[in-house]
Each structure stands twice: as C-alpha cells, then as structure tokens.
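The values are calculated or read from the model by the stated rules, or taken from the named source; none is laboratory data. Everything quoted here is computed from the prediction, not taken from an experiment. Positions of Cβ are generated from backbone atoms using ideal geometry, with glycine treated the same way; all protein chains shown enter the neighbour counts.
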Amino acid sequence: MGGDDIIEVRGLEHVFDGFTAVRGISFTVRKGEIFSFLGPNGAGKSTTINILITLLPLQKGTVRVAGHDVAQEPGRVRESIGIVFQEDVLDRDLTVWETMEFHGRLYSIPRDERRRRIDDLLRVVELDPKRNERTKNLSGGMKRRLQIARGLMTRPKVLFLDEPTQGLDPQTRMRMWEYIRQVNKTGTTIFLTTHYMEEADMLSDRISIIDDGRIIVSGTPDALKNTLGEDVVYLETEDDGKARETLRGVEEVRSIKESPRGLSITISTDGSHCLPRIVERVRGAGIGISSVNLKKPTMDDVFVHYTGRELRDTTG
Amino acid sequence: MAWEFLTVYWREMIRFVRFRTQLFASLLQPALWMAFFGVAMSSNFNRFTSAIPPPPGVFSVDYLTFMAAGVIAMTTLFTSLFGGISLLFDKNWGLMREMLASPMPRTHIMMGVSLSGMTKSFIQVSIIMAFGLLLGVRFFPGFSPVQIAVSVIGIYAFVGVFSLGFLLFSSTISMRLETPEGLQGIITLLTLPIFFVSNALYPIQAFPPILQALSIYNPLTHLVSGIRYFALGSDFFAVGARYTYTTADVLGSFAYLVAFATVMYFLARRTFQRAVVT
Ligand SMILES: Nc1ncnc2c1ncn2[C@@H]1O[C@H](COP(=O)(O)OP(=O)(O)OP(=O)(O)O)[C@@H](O)[C@H]1O
Ligand SMILES: [Mg+2]
C-alpha cells in the first residue's frame, strides 16, 4: 500500500439478503492508471463499484478511495470521484446542456467556470451540435458520451466507468476507448468494468479477473497472458530446414515444428522479446524470411485458463 | 449555507413548464372544480340553507364563496400528495443515483422537490382566486387594500406550510415505494378520508362526534380554517352555521400545520439518509 494507491480495498464482502455477491476481495488501484475489472454477468462488478462510490453501505472490509474511508468520510469520497453508471442515468426530458448544467450545479462549480467546462467537454465528446437536444433523442453512443462528459465535469481524481461500451457498435466502442485514453492522459485514474476481453486488454494497465464475487487473478494484460507461456512464432523462410538448424540453441525456444506452411516455434517466455532475435539469427545465416507471425495467448485463453470456462455472454 | 437545493428546484420547474399537457391540466383542474362542482353545489346548498337566516348583524357568505376555500385546500392537498412522485420516477428511470452519488446533502433533494411543489400550489391557488372572482366568489368582503394584501400573504403562508408537510410525506413514501402505481393507491386511499372528514365542503358542526373529533386532527381542516379566516374574516355565517375565529384559533391552526410539517421533515430526512438506490 504505497502512497501511490488511489483505491485500496481490503477484504470487501457484500451480502444482499442472504446472497453473497462479493466474497472478500482485496485490490489496489494506482494513481494515474487504467484499472479494469473483467468478469461475466453477475460477477459482482457493479456491486463493488456501488460500494466504492458510496451508493451501497460498506458491510465488511475496508475501502479507501482518494485517501478517504468510504464509511467514515463518504462526502469526501463523493467530491473526489466521477461515475458513469452501467445503465443510462439521464433525464429524458432535459437537454444535453441542461444535463451538464444540472450536474455542475450539484457540485457547486461557479457559474463561469461551469459554463466553460460544459462548452469544452461537449466539444471533446462531439456533442456540441446536440446541446439543445433532449437526451431521449440521442443515440445510445451519444448518451454514453454525454455521461462520460458529465462524469468528467468535476475533474475527478478517479473516474468510475461501469461497462462504458456495453451495447455499442465496434466503431463507437473504439472511439470510446480513445476518449477514455485521452481522459487518462490528463491524469485521471480510471476504474473500469467490462466483460469484453479486448476492451480490458486494449485499455488497461492492470486487470483483475473477477468471477462469482472473487478476484481470481490480477496483473498487467501482458503478464496475465505470459503466465500462460506458449507464445508461438510462425516463420516462413526460403529454407525451413536450414532455419531450424540455426535456431537450435536459442534459449527460449522450447520446440520447433516443421510443416508445409513453415515453422512453428513455441517460445517458453515472452515471444515479443524473443522474436527479434529469432529474425536476426535466421537473416544472419543468410536465409530470407517471407513471413513472420506471433501468436500470443488472448485474454480469452487467460480467462478460460483461470476460471475453467468460457466467458459467458461475451456479446453483450 | 448551501444552495444546491435550488438546483433540484430549477430542474423540477423546467420539467413543470416543459410538459404542456401536465402544466395545463394542473392549471385547469382547480378552475374546473370551481366552475362545475362549485356552481352546481352552490345552487343546491343556497336553496337548502336560505331557510336558516343568519343571526342579526352577522355577515352571511354564499356557498360558492364558502367552498372556494375548500377547493383551494383540496387542490393543494392533491398537488402536494403527488409532488413526491418525481422522486419515484427519478429512482427508477432518472437522476436519483446521480444526485445520491454527488456531494450535495441528501436533504437538499427533498427540499428542492418540496419547494417546487410549493411553487406549483401557489400558482394554482392564485388561479383559483382569480378565476373565482370571475365566477362570483366574494373573498375579502369590505377589506381595505392593505387588509387584502395581508390576507393574501396569510393564505399563502397556510398553503405553504400545509403543502410542505404533505410534500415531505409524499417524498417519504415515494422513496420507500417501488412503483408509481403503489403511490397512486396510497394517495387515493388517503385523499378520501382527508378530504371528506374536514370542513372543506360543509360545516363539521353537524358531524357525528367521532368524525368531529377526527376532523380536528386533520391538517386539511386547519388549512381551510386559516384560509377562511383570511378570506372571509373572523365572524361570518355560512351553510347554516356561524363561524368565529379568534386570533388564538388561527395561530393554533398554523402551529398545528407547522408541527405536522416538522414531523414530516424528520421522517423524510431519515428516509433519505438511509435510502439505498442502486
Ligand atoms: N439489489 C440487489 N439485491 C439482490 N441481489 C443483487 C442486488 N444487486 C445485485 N445483486 C446480485 O449480486 C450479484 C452481482 O451483481 P452485479 O450487478 O454486481 O454484477 P455485475 O458483475 O455488475 O454483472 P453485469 O456484468 O451483468 O453488470 C448478482 O448475482 C446479482 O443478482
Ligand atoms: Mg454490472
């Protein structure tokens, strides 16, 4: 628990009349990072978020957010965070601008500053042309963007995003990732939940896989994938037999298989570090390479490995 | 002093003027009561009660004027009982979680909603008084302009405290209920006894003793008394009964309403502080 941890959770448990939704989880989020909870429906992601943002009372464990205990100083926590809920939390009959104005006033941001931030943020999320549109007339992606803009308005230290891209088309989702990265670059720590593998993989500095109220494993996306080992390099050369000889003795190479479509080389450690050396060696021996391919384990593989099953409902 | 409740108020008022149908219905409804119920009832009541002459020297009030105070009270009651419903919608489909997760003290949510409900009642009351004048309601008989001004303020004060009490009550139930239908059921269940076991439409002097005793505890009775005192004076005759109000009576009624609102405030506050909405 260094001073760089902006969220510290210890032994968190939550029971809904007899049903245990969160079963004693502990984790920390470092200042400035993008941290993800990856898990299937009903894993306990939203429940955890609701406790962290003080909407659910803390039952068991300790939770500190932005330096404040959620049970002791919920007001302080609320001042330091922004939240984009899993479901749309919008007034259908307020306009885009009114939605932002309402939020800014809730947090007592002085008028001029508030108006300036609204203008800036609406421009960032490209909703400027829609500022006088009622929220019920926005598309799903626009609603999400509006809520992200709203969450950012108070310049929170931590922004909680509960399944921010659920139900969005792939293009809009990529754009959303861009926004999230941009926001993170300005220094805002991001706590994200998702059940999309690639989303966790692409965005996060660190991931915790959560299932059935427990954290199963945590780490950087690469570390998680590398623990599975088994990166495979596919190589097509002018002379596969000769290339195979050359690669004997490279420490990380576990095994080499020859097939009509080339060599498949199983690597015992991180394949991406090993790949340049393999290429150099083969080239150094005067053998031309026509194609190189590295296959790393995907988050799907990681998930299956740790939970023993496929991620349910990955399509959203 | 924190002013965030004004933000909640601002939004409620935006919604109030934005929904034209709702807006016009809420403005038209009390006028219709006056126009149909009032006029129809008054022609009947005036026939029955003209048989009983007022005591000499006591000013006699016609039925339409008498019941105008009741219509003001009834409209305030309905509007206030329904006033909390926006919280229920907010909880299920709106901004409740945004508000609860914000640093704004939770009491501000109910205060903002109550303030807007009060404003709506004030608007409705003004309409009834203005429309009543057209129909022949004779409020403020022989009052000087200063007396009229004081009386109007007095009426608004009574309406304000009364509506605050019921708005807070309505907010409390709305926060505890799951569906608008539930609230509707409770309101229907409550309005009948509150409205009819009161002096809104007829004198309570003729009630059976039990109902009479009950009506004394009915906040609506105290609201109607306050309005009649300010609109008709401290001594008048209507529907076959003589009404006299001392200053102590009126202050007592007002104190009763303040006490009612205070109790409702603490109930609502407790409910809001414990509310869990996810
Ligand atoms: N208010 C509640 N009352 C009872 N059970 C609840 C309540 N809220 C959540 N649960 C249960 O707790 C478990 C975890 O729910 P949670 O919403 O945290 O899952 P999640 O990981 O966010 O799932 P999703 O990806 O579907 O959003 C589920 O089994 C759910 O049914
Ligand atoms: Mg969820």
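Restricting attention to region A:30-87, the residues being within 16 Å of ligand 2 (Cβ to nearest atom), closer than 17 Å to A:Leu161 by Cβ and either free of Cβ contacts under 8 Å to residues at least 24 places away in the same chain or small (Gly, Ala, Ser) (or both) number 8. Looking for something more than 14 Å from chain A (Cβ to nearest Cβ), part of a strand (DSSP E or B) and under 23 Å from B:Phe162 (Cα atoms) - is there at least one such residue anywhere in region B:237-248? Yes - at least one qualifying residue is present in region B:237-248.
Can you confirm whether B:Leu32 is at pLDDT 80 or above, within 14 Å of chain A (Cβ to nearest Cβ), surrounded by 12 or more Cβ atoms within 10 Å (Cβ to Cβ) and assigned to a helix (DSSP H, G or I)?
Criteria not met by B:Leu32.
Kindly establish whether B:Met96 is within 14 Å of chain A (Cβ to nearest Cβ) and among the hydrophobic types (A, V, I, L, M, F, W, C). Spelling it out, B:Met96 is indeed within 14 Å of chain A (Cβ to nearest Cβ) and among the hydrophobic types (A, V, I, L, M, F, W, C).
Among the residues making up region B:1-23, a single one is in a loop (DSSP other than H, G, I, E, B) and surrounded by 14 or more Cβ atoms within 10 Å (Cβ to Cβ): B:Glu4.
Here B:Ser225 passes the criteria (1) surrounded by fewer than 16 Cβ atoms within 10 Å (Cβ to Cβ); (2) assigned to a helix (DSSP H, G or I) except the one numbered (1). Under the condition of being among the aromatic types (Phe, Trp, Tyr) and modelled with pLDDT of 95 or more, the residues counted in region B:231-271 number 5.
Every listed requirement among (1) part of a loop (DSSP other than H, G, I, E, B); (2) surrounded by 12 or more Cβ atoms within 10 Å (Cβ to Cβ); (3) modelled with pLDDT of 80 or more is met by A:Gly286 save one, (2). Residue check: is B:Val137 over 19 Å from B:Gln22 (Cβ atoms), outside any helix (DSSP H, G or I), touching a residue at least 60 places away in the same chain (Cβ under 8 Å) and β-branched (Val, Ile, Thr)? So B:Val137 fits the description; yes.
Taken over region A:131-150, the criterion of being out of contact with any strand residue (DSSP E or B) (no Cβ under 8 Å at 6 or more places or on another chain) and within 12 Å of A:Tyr179 (Cβ to Cβ) is satisfied by A:Gly141, A:Arg145, A:Leu146, A:Ala149. Here region B:1-28 is the region considered, the condition is being under 21 Å from the mean Cα position of the chain (by Cα) and modelled with pLDDT under 85, and the residue that is nearest to B:Ile128 (Cα to Cα) is B:Leu27. Before we move on, is A:Ile25 within 16 Å of ligand 2 (Cβ to nearest atom), β-branched (Val, Ile, Thr) and in the same structural domain as A:Ser208 (by TED's automatic domain parsing)? For A:Ile25, the condition - within 16 Å of ligand 2 (Cβ to nearest atom), β-branched (Val, Ile, Thr) and in the same structural domain as A:Ser208 (by TED's automatic domain parsing) - is met. Of all residues in region B:124-165, those satisfying the criterion of being β-branched (Val, Ile, Thr) and crowded, with 16+ Cβ neighbours inside 10 Å are B:Val125, B:Ile127, B:Ile128, B:Val137, B:Val152, B:Ile155, B:Val159, B:Val161. Against the condition facing chain B (nearest Cβ under 7 Å) and of a type in the set (D, E, K, R), how does A:Asp93 come out, does it pass? Spelling it out, A:Asp93 is indeed facing chain B (nearest Cβ under 7 Å) and of a type in the set (D, E, K, R). If you check A:Ile25 against the conditions, is it away from ligand 1 (no atom under 16 Å from the Cβ), part of a strand (DSSP E or B) and at pLDDT 95 or above? No; evaluated as a whole, the condition is false for this residue.
Among the residues of region A:164-192, those identified as surrounded by fewer than 23 Cβ atoms within 10 Å (Cβ to Cβ) and either within 16 Å of ligand 2 (Cβ to nearest atom) or of a type in the set (Asp, Glu) (or both) are A:Gln166, A:Gly167, A:Leu168, A:Asp169, A:Glu178.
Every test in (1) more than 14 Å from chain B (Cβ to nearest Cβ); (2) assigned to a strand (DSSP E or B); (3) within 11 Å of ligand 1 (Cβ to nearest atom) is passed by A:Pro40 save one, and that test is (2).
With respect to B:Ile186, is the statement that it is within 18 Å of the chain's Cα centre (by Cα), in a helix (DSSP H, G or I) and farther than 25 Å from B:Ile153 by Cα true? Considered against the rule, which asks whether it is within 18 Å of the chain's Cα centre (by Cα), in a helix (DSSP H, G or I) and farther than 25 Å from B:Ile153 by Cα, B:Ile186 comes out as yes. Under the condition of being closer than 19 Å to A:Ala66 by Cα and assigned to a helix (DSSP H, G or I), the residues counted in region A:174-190 number 3. Scanning region A:225-238 for residues that are touching an Asp or Glu at 6+ places or on another chain (Cβ under 9 Å) and surrounded by 22 or more Cβ atoms within 10 Å (Cβ to Cβ) returns A:Lys225, A:Asp231. Without any contact (Cβ under 8 Å) to a residue 24 or more places away in the chain and either out of contact with any helix residue (DSSP H, G or I) (no Cβ under 6 Å at 6 or more places or on another chain) or in a helix (DSSP H, G or I) (or both): which single residue out of A:Glu199, A:Glu258, A:Glu280 fits that description? Just one listed residue meets the conditions, A:Glu280. Among the residues of region A:84-116, write down those that are in a helix (DSSP H, G or I) and aromatic (Phe, Trp, Tyr). Scanning region A:84-116 gives A:Trp97, A:Phe102.
Of the residues examined, B:Leu88 is one that is in contact (Cβ under 8 Å) with a residue 12 or more places away in the chain, part of a helix (DSSP H, G or I) and touching a Leu at 6+ places or on another chain (Cβ under 8 Å). Within region A:20-78, the residues that satisfy the criterion of being polar (S, T, N, Q) and more than 29 Å from A:Asp300 (Cα to Cα) are A:Thr54, A:Gln59, A:Thr62, A:Gln72.
The condition (being surrounded by fewer than 21 Cβ atoms within 10 Å (Cβ to Cβ), more than 16 Å from ligand 1 (Cβ to nearest atom) and charged (D, E, K, R)) is satisfied by just one residue among A:Arg115, A:Arg64, A:Arg78: A:Arg115. Just a yes or no: is a residue in region A:205-217 within 16 Å of ligand 1 (Cβ to nearest atom), assigned by TED's automatic domain parsing to the domain that holds A:Arg114, surrounded by fewer than 21 Cβ atoms within 10 Å (Cβ to Cβ) and more than 17 Å from the chain's Cα centre (by Cα)? Yes, region A:205-217 has at least one match.
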